[in-house]
Amino acid sequence: MALRLWLSLLVWVNFLGIGKDDEIVIDFWGSLATFKLLAKVLTITLFPPNIKGIDTKKIGGLFLAQLYFKYGAMNSGKSIDILKVAHNYEEQAKPVLLMTSHVDTRTGRGKIASRIGIERDAVVIDEETDIVQIVKDLPHKIYCLILDEAQFLSKKHVHQLAQVVDELRIPVMAYGLKNDFQNNLFEGSRELLLFADKIEEIKTICWFCPKKATMNLRMADGRPVYTGEQIQIGGNESYWPVCRKHYLNPPLDERGKVLAPSLDRSHVGSDEADEL
């Protein structure tokens, strides 16, 4: 089937080559060069070259693999999106590899867990982990590597993810925070912003208003915190997703504690209320 498709494509390229001076033909196809480029892409996809030391059958022979960085504020649904993507692959009998950082142990080491109660086991990444070698040593081929808590990755590990894409030709989807509670980039996030082929924001709304949340407000004893160590593991008890306005000026009561969000929208400005 693949050979017949390729031979058909060659016939069309030769036909267009004969009539390349015909303005109508060139206008119809856009350009002969573009079509020939498509032919080359199809050649490599259908007949992937052997890579020294790599079993292309084992890794799926993917050509258009890319490194994706999908970031979002706290509570934006990153983990549930990971579990959904993994399910979609596996429903089509396409195995995936789930990985997560050793830093986040909120639901146990080596777990990817959603706030709605769904969780999966995942391979743990620590300082000594060689991601490329783990993928090569798998007993079966995988169609995607999906990674949670990517902000905690080191520069070395992000470079290894790029190797998985470029050398093993396996798509990698890395999910995580972009900025910490002081709005500084995490090491892993910084490297992914530099090395990712595609960057996508997973959106959620501010804890206090309908605007998009772009920042993470750290809480301690009901009060906003803007100083301290970059990494402090926590959930809703420690971090709230907020917009820029409410990061800088969260609603406080007379004791200086943050007012708990409620269905009362009286503190929301008219412009913000219009967004509802």
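The values are calculated or read from the model by the stated rules, or taken from the named source; none is laboratory data. For clarity, every value in this text was computed on a predicted model and none was experimentally measured. With ideal geometry, Cβ positions are generated from the backbone for all residues, glycine too; neighbour counts draw on all protein chains shown. Side chains included, ligands, DNA and RNA excluded: accessible areas come from the protein's heavy atoms. Shrake-Rupley method; radii C 1.70, N 1.55, O 1.52, S 1.80 Å.
Remarks
- Selected residue (criterion: farthest from Arg120 (Cα to Cα)) from residues of segment 85-110 that are basic (Lys, Arg) and at pLDDT below 95: Arg106
- Residue-level check: of (1) over 23 Å from Glu201 (Cβ atoms); (2) touching a residue at least 12 places away in the same chain (Cβ under 8 Å), Val165 misses just (1).
- Inter-residue pairs, beta-carbon under 7 Å, first among the acidic types (Asp, Glu) and in segment 138-153, second part of a loop (DSSP other than H, G, I, E, B) and open to solvent by less than 30 Å² (accessible area, probe 1.4 Å), 6+ apart: Asp148/Ala122; Glu149/Asp104
- Candidates in segment 122-142 are the residues that are open to solvent by 50 Å² or more (accessible area, probe 1.4 Å) and in a loop (DSSP other than H, G, I, E, B); of these, the one that is nearest to Ser101 (Cα to Cα) is Glu127.
- Residue list for segment 61-84, restricted to those being at pLDDT below 95 and polar (S, T, N, Q): Asn75, Ser76, Ser79
- Arg218 vs. criteria modelled with pLDDT of 85 or more, among the basic types (Lys, Arg) and within 17 Å of Phe186 (Cβ to Cβ): yes
- Residues that are out of contact with any Phe, Trp or Tyr (no Cβ under 9 Å at 6 or more places or on another chain) and in a loop (DSSP other than H, G, I, E, B) were ranked within segment 143-190; the one that is surrounded by the fewest Cβ atoms within 10 Å (Cβ to Cβ) is Asn184.
- Unmet requirement for Pro48, which otherwise passes all of (1) closer than 28 Å to Lys156 by Cβ; (2) modelled with pLDDT under 55; (3) in a helix (DSSP H, G or I): (3)
- Some residue of segment 196-219 being in a helix (DSSP H, G or I), open to solvent by less than 10 Å² (accessible area, probe 1.4 Å) and not charged (D, E, K, R): no
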